[in-house]
1. Take the conditions small (G, A, S), assigned by TED's automatic domain parsing to the domain that holds A:A284, without any contact (Cβ under 8 Å) to a residue 12 or more places away in the chain and part of a loop (DSSP other than H, G, I, E, B) and apply them to A:G269. Does it pass?
2. Within the stretch B:127-182, considering only strands (runs of 3 or more DSSP E) that don't extend past its boundaries, which have at least 2 residues that are at pLDDT 95 or above and of a type in the set (A, V, I, L, M)?
3. Kindly evaluate B:E341 against the criterion of being closer than 25 Å to A:D216 by Cα and either surrounded by 14 or more Cβ atoms within 10 Å (Cβ to Cβ) or in contact with a Lys or Arg (Cβ under 8 Å, 6 or more places away or on another chain) (or both).
4. Going through the stretch A:68-122 one residue at a time, which ones are surrounded by 12 or more Cβ atoms within 10 Å (Cβ to Cβ), of a type in the set (G, A, S) and more than 32 Å from the chain's Cα centre (by Cα)?
5. If a residue must be surrounded by fewer than 13 Cβ atoms within 10 Å (Cβ to Cβ) and within 16 Å of A:F221 (Cβ to Cβ), how many such residues does the stretch B:287-328 contain?
6. Of all residues in the stretch B:361-387, how many are in contact (Cβ under 8 Å) with a residue 60 or more places away in the chain, in a loop (DSSP other than H, G, I, E, B) and within 27 Å of the chain's Cα centre (by Cα)?
7. Checking the condition out of contact with any Cys (no Cβ under 7 Å at 6 or more places or on another chain) and at positive phi, which residue from B:G506, B:G543, B:G500, B:G495 passes?
8. Residues that are in the same structural domain as A:V287 (by TED's automatic domain parsing) and charged (D, E, K, R): which helices (runs of 4 or more DSSP H) entirely in the stretch A:97-214 hold 2 or more of them?
Amino acid sequence: MDVLKRLDEIKKEFEAELGGCASPREVEEVRVKYLGRKGELTGILRSISDLSARERGEVGKKANILKNEMAENIRSFGLEKTAESRKKAEKLDITMPGASPAVGAVHPITQTMARINEIFVSLGFSIAEGPEVETEFYNFEALNIPADHPSRDAFDTFYIDNEYLLRSHTSNVQIHVMQKQKPPIQAIMPGRVYRPDAVDASHSFMFHQVEGLMVDEDVTFADLKGALLLFCKSMFGKDIKLRFRPHFFPFTEPSAEVDITCIICGGQGCRVCKGNGWLEIMGAGMVNPRVFEAVKYDARKYTGYAFGMGVERIAMLVHGIEDIRLFYENDIRFLRQFI
Amino acid sequence: MKLSYQWLKEYVNIGVKPEELARGLTMSGSEVETIEDTGGDKVMNLEITSNRPDCLSIIGLAREASTVFDKDLTLPMMAVPEERADKNGPRAECVIKNKKLCPYYAARVITGVQVKGSSEKIKKYITSLGLRPVNNIVDATNFCLMETGQPLHAFDLDKIKGGKIIVREAAKGEKIVTIDGVRRELKPDMLVIADESDPIAIAGVMGGRDTEVTESTRNILLESAYFDPVSVRQTARSLGLSSDSSYRFERGVDKGMIVSSQNRAANLIFEEAGGKICGFSEAGVLKPEETRIVLDIERASRVLGESLQKKGVMRILERLGMTISAEKGLAITVHVPSFREDLKKEVDLIEEIARIYGYDRIPAKITKIIPQVTRKEHSRKVIEKIYRILPALGLDEIMTYSLISRQAAGRFSGINDDIVELKNPLSEEHQVLTPQLIDGMLRAVGWNINRGSRDLRFFEMGKIYSRAGWKRSVTETPVLCIALTGALRRDWQEGERPAGFYDLKGIVEALFETLKLPVEFAVSPIAWLDNAAEIRSAKANAGFLGTVDTATLGAYDISQSVHVCQIKLDGVIEKTDLRNHYHAIPKFPSSTRDISILCDRFLAAGRIKEVICSTGEDLIVDARLKDVYEGEQVGSGKKSLTYSVTYGLDTRTLTDQEIEGVHSRVKDALSGKLNVTFR
């Protein structure tokens, strides 16, 4: 049966040609060729009446099945090709720069202070604040720093008038807190302080401090060491070691300066720690009973500890910043490093 | 204070290397900052705290070392042996006119000395401490000063007119040439040592050149005294003259050693320069304070958090020069020596024990946390929230000095009297407390533009300061300052998008929206701002907003537009409710209609929105300005504004008729009240 054979051949030819199509246009050409009015299959179907009755049934059935099959194949293959070509046409250059929304940076001093605050809050401290413009009583006298005493040498101060000055430390807030509240007290006092130091790479007439105070019955020097050890490990790393060196502060006794193992060289000795492996980072001690007397606390009943640190110094150590002036120049190339 | 290792070993056989000695001194409170090798000796530089004048001497430091390393201390001879003394020799009278400033003065005459260079040992020791050898007399007094901490002065007795010492306050206009060759004018409150006509020394600070010991000196008067620390401090400060002597008198010398140290110096002079140690005379009385402290060792253990042994505690105190007169259980009575006037109370002794015992031996532990419900004030929480919003809006935080120049403050503050000024500023540049954050902001902007960074979005949260109220007391107000300049965005899709007034206004609106506070803007002229607007929230002034005028920008060397605002945070903090209340999400759909309005170009958009909202009342969900057009199509002097108005209700879906109804009422109101037409 020549016609039936021919139908098989047409099917093969069609499949091969359709498979070779790369675009919807080519698919359309194939459709016209095989299913169009001038198509061979159309011709066969049209001339079916010329065949014998037996042949007619067999060829007719097979030709119709083939026609439907071809139409379906063209439809689905065409859709596929159309989608493919659309994708190709709309393809983006993913290496073009993105349009990023702006995200701002918080100043490194704010970030450092926030970090210090968070650690102490997690240790149970509350946060207290007080005025920068202060009287001699809160800045000096209540803290056992009498006038015309060499201990004032360490606290050169800006004066506003005979009554007011700019606080030289945030210790004034300790006095305000103790006047307002009876023990127990567990608070930190972050804030801005002023000392008439000429500005250079390591001095600034304005800087920031965080101080802490704990007062209750039976607060000990061991508690102070415990709190500061936890703080320093949280702030500088768990392998940090602490050293408490006896020192003198009028408002604490016993007093200490607190050193940590140098975070630059790990205690081996380098330029930052001046070769001795230790970095001084804060002052601390047990609250002097004279301070308790100034705020009318029973100095026999209560003990307490206090500590204080400079935020700029800590930020400089943590970030490896060598010039304190960078914090107040506000160069955007500096600020955006702390995003 | 400098310390020679070899010199220290004269008094205590320390038995440890210099480095170990340095560590021991540092860890007991006398911090060794540097150790210098001087060939055959090690010289340490120590930081001595102001409460320890006794450590401003080699003997004082030797006592510390003897305690830390538990070794015996040997002191030099502090009396004049009979064979060196000439009891019948001359003496010099001394008179004190002001016993408050000089409670005690002792003068010793030494005759027949031979002034020449000192012995090698004296030279070596004083040189190691940074002193320049002068002659055997001056060197002996300096040696004794360093050894005992008592400043001494030797006068050429033959140059003291009348041969008599008068300790008095300076007369007005009196002058003296000090041994450093400087002619100094004295003030009436300064204490001087004088002969019968002139001052011959500034008491406790420096001697005079006219009576100094020279090669021709034969007879000397050796002074040893106690001068009031505050007076010496004030005199030294007022003259800008600090000496080894004033440094020690300011901190208080050992009242029990005035004469002993003088004897020690007399002996040294005798050994170095020969002669005869003659008459001694004194004026005034000086009784060292008798301090007795009862120390409860139990309490010491409680304060330190470490259980202390009585025997060890007593050993430490005795090594430090104290005597224990009574014991009652764990309570001991301690007598404090005259050189430790800093020890007055029990806690002072607890510190002594702790620093020698070793802070490092006290354990670190946390035994308690105080239960507190509120650990952050509301104000701090609001500030923290603002800190989360502003960087998310693309703003970088800056931090500027609170102290600015008077001139800069004047640029932004209306009334000069309100400015808070320092009495002792470091410089004109930082003379007053800032009344606005604008100066610091514009400085930061100028700094960056000068260095090639032109696109800036800055904020600062800080305080401003002013005098207010009838008492003119200083108030500190927290404020937020924001500035935008240059391009807001610069990218290949949109090109350059300059930051404008409306971008800053949008940031302010976003901030208030996040804090759930209302915000309004009202025209309100400010001299240095173009397009100045007052920011208002809940009927109160909350700050200002605008574009800095070119004249002001010129002062900061800025030539591009800068938009700034300053928001007072005290009111914002007070009104902010940090709680988030849930409101039901709308269940019923809303629908949106556009209105295109043609109106006079000066008609305020805020007015149009007001009319839309007040007319539609609760049926209006939102009225958003979608488009603005000015140009040929609408004719000159006109503008076209398109609003998208959204209608809806919480309780049901509005019908088409209702929407059309309210929409046409809105249009009627607009044309009726504002005389606008529609496109």
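1. Yes: the conditions hold for A:G269.
2. Ranges flagged: B:164-169, B:175-177.
3. Spelling it out, it is not the case that B:E341 is closer than 25 Å to A:D216 by Cα and either surrounded by 14 or more Cβ atoms within 10 Å (Cβ to Cβ) or in contact with a Lys or Arg (Cβ under 8 Å, 6 or more places away or on another chain) (or both).
4. Within the stretch A:68-122, A:A71, A:G78, A:S85 meet the criteria.
5. 1
6. The qualifying residues number 0.
7. B:G495
8. A:108-122
The values are calculated or read from the model by the stated rules, or taken from the named source; none is laboratory data. Everything quoted here is computed from the prediction, not taken from an experiment. Please note: Cβ atoms are built from the backbone with ideal geometry, for glycine as well, and neighbour counts cover all protein chains shown.
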